[in-house]
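The values are calculated or read from the model by the stated rules, or taken from the named source; none is laboratory data. Keep in mind the model is a prediction, meaning the values are calculated, not measured. We place every Cβ from the backbone using ideal geometry, glycine too, and count neighbours over all the protein chains shown. Heads up: the accessible areas ignore ligands, DNA and RNA and are worked out on the full protein's heavy atoms, side chains in. Shrake-Rupley method; radii C 1.70, N 1.55, O 1.52, S 1.80 Å.
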Amino acid sequence: MIAVSACLLGINCKYNGNNNENEKVVNYLKNKKFVLICPEQLGGLSTPRNPAEIINGDGYNAINNESKIVDKNNRDVSSEFIKGANESLKIAKIYGCREAILKEGSPSCGCNFIYDGSFSGKKINGVGITTALFRKNGIKVISETEL
Ligand code: SF4
């Protein structure tokens, strides 16, 4: 069973109300068992919502309470992001997921890079909060770019 970022399959759960449908992911999952997650919705955030970035660190720092997550209006949304990661993990465990395909670059789902917290589009190496929590719990996470 594979946990998949819902936006990659065309669900309109992205911050701007759109999705990140990816044909490669859609084709890869044909005839496979998977479950969709959107950590930010599971954390109680609305759709659409303001974009958010991790300040001073990545998902590993965030789950250790060393970094916070703020949205573009400077609202602290750390608790929603952490809750969303935990709820996603709960779902992954219920379904016995050993792997996940999550959306690259997202502060929740990023696998190799995220944005640097300046809302200027600058990328840094690091992972999102849900990716960090999944990996910490032994779930193999790749992004749609690694398929
Ligand atoms: S939190 Fe993850 S699944 Fe939800 S919209 Fe963002 S990248 Fe997609």
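Which of the residues that make up the stretch 64-108 are touching a helix residue (DSSP H, G or I) at 6+ places or on another chain (Cβ under 7 Å), in a strand (DSSP E or B) and not hydrophobic (A, V, I, L, M, F, W, C)?
Within the stretch 64-108, K68 is the sole residue that qualifies.
Give the residues of the stretch 1-39 that are more than 10 Å from the ligand (Cβ to nearest atom), part of a helix (DSSP H, G or I) and closer than 22 Å to E87 by Cβ, sorted by residue number.
The one that is more than 10 Å from the ligand (Cβ to nearest atom), part of a helix (DSSP H, G or I) and closer than 22 Å to E87 by Cβ: V25.
If G121 satisfies every condition in (1) in a loop (DSSP other than H, G, I, E, B); (2) within 13 Å of V141 (Cα to Cα); (3) of a type outside the set (D, E, K, R) but one, which is the exception?
Unmet for G121, out of (1) in a loop (DSSP other than H, G, I, E, B); (2) within 13 Å of V141 (Cα to Cα); (3) of a type outside the set (D, E, K, R): (2).
Give the residues of the stretch 113-137 that are in contact (Cβ under 8 Å) with a residue 24 or more places away in the chain, out of contact with any strand residue (DSSP E or B) (no Cβ under 8 Å at 6 or more places or on another chain) and either open to solvent by 10 Å² or more (accessible area, probe 1.4 Å) or not hydrophobic (A, V, I, L, M, F, W, C) (or both), sorted by residue number.
Residues satisfying the conditions are L133, K136, N137.
Need the failing condition index for S5 against (1) surrounded by fewer than 22 Cβ atoms within 10 Å (Cβ to Cβ); (2) within 13 Å of the chain's Cα centre (by Cα), just the number.
If we test S5 against (1) surrounded by fewer than 22 Cβ atoms within 10 Å (Cβ to Cβ); (2) within 13 Å of the chain's Cα centre (by Cα), just (1) comes out false.
State whether one or more residues within the stretch 43-52 are polar (S, T, N, Q) and either crowded, with 18+ Cβ neighbours inside 10 Å or touching a residue at least 24 places away in the same chain (Cβ under 8 Å) (or both).
The answer is yes, given that some residue of the stretch 43-52 is polar (S, T, N, Q) and either crowded, with 18+ Cβ neighbours inside 10 Å or touching a residue at least 24 places away in the same chain (Cβ under 8 Å) (or both).
(1) surrounded by fewer than 23 Cβ atoms within 10 Å (Cβ to Cβ); (2) of a type outside the set (G, A, S); (3) in contact (Cβ under 8 Å) with a residue 60 or more places away in the chain: which one isn't true of E40, the others all being true?
Among (1) surrounded by fewer than 23 Cβ atoms within 10 Å (Cβ to Cβ); (2) of a type outside the set (G, A, S); (3) in contact (Cβ under 8 Å) with a residue 60 or more places away in the chain, E40 violates only (1).
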